[in-house]
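> I am attaching a structure below and will ask some questions about it afterwards.
The values are calculated or read from the model by the stated rules, or taken from the named source; none is laboratory data. Everything numeric in this text was worked out from a predicted model, so none of it was measured. Using ideal geometry, Cβ is built from the backbone for each residue, glycine included, and neighbour counts are taken over all protein chains shown.
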Amino acid sequence: MMETEPNTHSVVPNSTEDCPVCLDTIREKKTLKCLHSFCSDCIDSVFKLKPACPICNTYHGVYTGTQPQGTMTVTHSWQGLPGFEHCGSITILYSFQAGIQGPEHPNPGVRYSSTSRTAYLPACEEGEKVLKLLRKAFDRRLTFTIGRSATTGLNNVITWNDIHHKTSMGGGPQCFGYPDPEYLFRVQEELRLKGVTEDD
């Protein structure tokens, strides 16, 4: 769901290049802030479905997801995480009560059960930055969705929505824990792909 108009770099009446959407010569060229160009009508149609460039997936505007109503509670601890022993840790508790799917969900009117998830971040400068981005993603309803659980195979349940979280303090990446020196950078890229950055 788009809340703002796409940011465009420029609109030019005619062009000699082809539009990546309709594959015809670009008419009323519209160049996005990511510098990809399209027919004005073509990109407007694409943005009605998803406000992202169809070439690089850069979001233009604010995207809101389908996460059900819930809470995100944050606590800080002195306890360090493997690979981040020099600082404390941040614990995030996501909680959702049972409810009924709305029109934006796969099966409107069907119930979903309550759930909670716990995630961990290092309480360093980069970890605090990721925490702010995760809060922004949660507020935009992007962190979770309702669908089929990849873990249990059950349908109509609250599931993660492609923003990976560390749900264990230790055990490494194979156990969804630390140490994982690239995690803070990877999750920022996942957030960027959903339009969540420090700049927006």
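> Within the range 20-33, identify whether any single residue is on the phi > 0 side of the Ramachandran plot and not in a loop (DSSP other than H, G, I, E, B), and answer yes or no.
yes
> Would you confirm whether any residue within the range 177-187 is β-branched (Val, Ile, Thr) and under 16 Å from the mean Cα position of the chain (by Cα)?
yes
> Looking for something at pLDDT below 95, surrounded by 15 or more Cβ atoms within 10 Å (Cβ to Cβ), assigned to a loop (DSSP other than H, G, I, E, B) and not β-branched (Val, Ile, Thr) - is there at least one such residue anywhere in the range 61-78?
Yes.
> Scan the range 181-200 for residues that are surrounded by 13 or more Cβ atoms within 10 Å (Cβ to Cβ) and basic (Lys, Arg) and jot them down.
Of everything in the range 181-200, those that are surrounded by 13 or more Cβ atoms within 10 Å (Cβ to Cβ) and basic (Lys, Arg) turn out to be Arg192, Lys194.
> Of the residues that make up the range 107-129, is at least one in contact with a helix residue (DSSP H, G or I) (Cβ under 6 Å, 6 or more places away or on another chain) and β-branched (Val, Ile, Thr)?
No.
> Now, a different point. Show the residue pairs meeting these rules: Cβ distance below 6 Å; 6+ apart or different chains; first residue within the range 97-119 and more than 20 Å from His165 (Cβ to Cβ) and surrounded by fewer than 13 Cβ atoms within 10 Å (Cβ to Cβ); second residue at pLDDT below 95 and not aromatic (Phe, Trp, Tyr).
Matching pairs, first to second residue: none at all.
> Could you please tell me which pairs satisfy a Cβ distance under 6 Å, a separation of 6+ or placement on different chains, a first residue in the range 128-146 that is closer than 11 Å to Leu184 by Cβ, and a second residue that is not β-branched (Val, Ile, Thr)?
Sorted first by the residue in the range 128-146, then by its partner, the pairs are Val130/Leu121; Val130/Leu184; Leu131/Leu121; Leu133/Leu191.
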